[in-house]
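The values are calculated or read from the model by the stated rules, or taken from the named source; none is laboratory data. These figures come from a predicted structure and were not determined experimentally. FYI the Cβ positions are ideal-geometry reconstructions off the backbone, even for glycines, and counts take in every protein chain you see. Each accessible area value is taken on the protein alone, full model and side chains, heavy atoms only, with ligands, DNA and RNA left out. Shrake-Rupley method; radii C 1.70, N 1.55, O 1.52, S 1.80 Å.
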Amino acid sequence: MTGRTLTFNIFRCDPQHANSSARMQTFELTETAGMTVFIALQQLRQEQDRSLQFDFVCRAGICGSCAMVINGMPTLACKTLTSQFDSSTITLMPLPGFELIGDLSVNTGKFMRSLSERLQGWLVPNGEERSFDAVEATMEPNAAEMVYEAERCVECGCCVSACAAAQMRDSFIGAVGMNKIARFALDVRDKRGPDDFYHVLGTADGVFGCMTLLGCVDSCPKGLNLQMQISYLRRKLALNPDRII
Ligand code: SF4
Ligand code: F3S
Ligand code: FES
């Protein structure tokens, strides 16, 4: 049995070349069993156009590199089966809201790095001196589970692209930023308290900039409960405006 003939409408633009203008280019490919959008792009690049730009590392939904807008929805190319679309036409666009590197490749790393620096997205130990020889401190299973859940974010950027508030306000930290804060707020090993996050979280760049549009929830390819994390932070502010934790 031969597969469908798929038509890919792909955004093309190379900002590295001054005379490159944005356009859509059409490719055709025969669908194979288990084909993902990533596999199709690999095949197109190998067989039809070696200049096609897109990102990938893990091919397993772990690194977040292959995020793009597939038929209007920001998601991961390596986790998207072509067979899930009834139509044989698939349109691919780069994630909006990030610097375009070329075609479907955007610089999410630059955005995530600056977000991490702004929010200090790393564990700030609660003062206890630890040595590498010390036995690892234990954590309540429920607390560990909540930290693990927030930690599943792969920083793909889909929630930023799917959020109109993030598209309107460059400084908005978005669901990915609020999930990051929640991750450390939930971690008993982190010493930070309300004052350390309030300058961002308590402003329009944080929970007050979120209009509960929930595009982040709809688009997160890891299925993170972002609504719960945003509500958790919002509740902390509402209950105790001077202290978020
Ligand atoms: Fe991607 Fe979800 Fe993390 Fe947003 S929260 S960056 S959509 S994994
Ligand atoms: Fe944006 Fe998600 Fe809030 S889509 S407005 S961060 S609920
Ligand atoms: Fe890593 Fe798709 S290539 S998530």
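Here are a few things to note about the model shown:
- Backbone geometry of region 12-27 corresponds, through the Karplus equation with coefficients 6.51, -1.76 and 1.60 at θ = phi - 60°, to 3J(HN,Hα) couplings of 10, 5, 10, x, 5, 10, 4, 9, 8, 9, 5, 7, 9, 10, 9, 10 Hz, x marking Gly and Pro.
- Net charge over other residues, Cβ less than 13 angstrom from the Cβ of LEU104 (K, R count +1; D, E count -1): -2
- Among ALA166, CYS153, ALA134 the positive-end extreme of the charge dipole of region 129-184 (Cβ point charges): ALA166
- Translational D in µm²/s for the chain (Stokes-Einstein at 10 °C, 1.306 mPa s, Kirkwood Rh from C-alpha pairs): 80
- Fraction of alpha-carbon pairs over 22 Å apart in region 1-116 - percent: 31
- A straight line joining the Cα centroids of region 90-148 and region 60-81 runs 19 Å.
- Springs between Cα atoms under 10 Å define the GNM used for the chain, and in it the highest mean-square fluctuation of ALA67, ALA18, ALA164 occurs at ALA18.
- When nucleic acids and ligands are ignored and a 1.4 Å probe is applied, PHE197 ends up with an accessible area of around 10 Å².
- Computed accessible area, THR30, all protein chains, 1.4 angstrom probe, square angstrom: 80
- Rounded accessible area of LEU81 (nearest 10 Å², 1.4 Å probe): 70
- Among TYR148, TYR232, TYR198, the sequence by solvent-accessible area, most first, with a 1.4 Å probe is TYR148, TYR198, TYR232.
- Per the Debye calculation on region 7-62 with a single equal scatterer at every Cα and no solvent contribution, log₁₀ I(q)/I(0) for q = 0.14 Å⁻¹ amounts to -0.44.
- The chain - percent of accessible surface contributed by carbon and sulfur, probe 1.4 Å: 51
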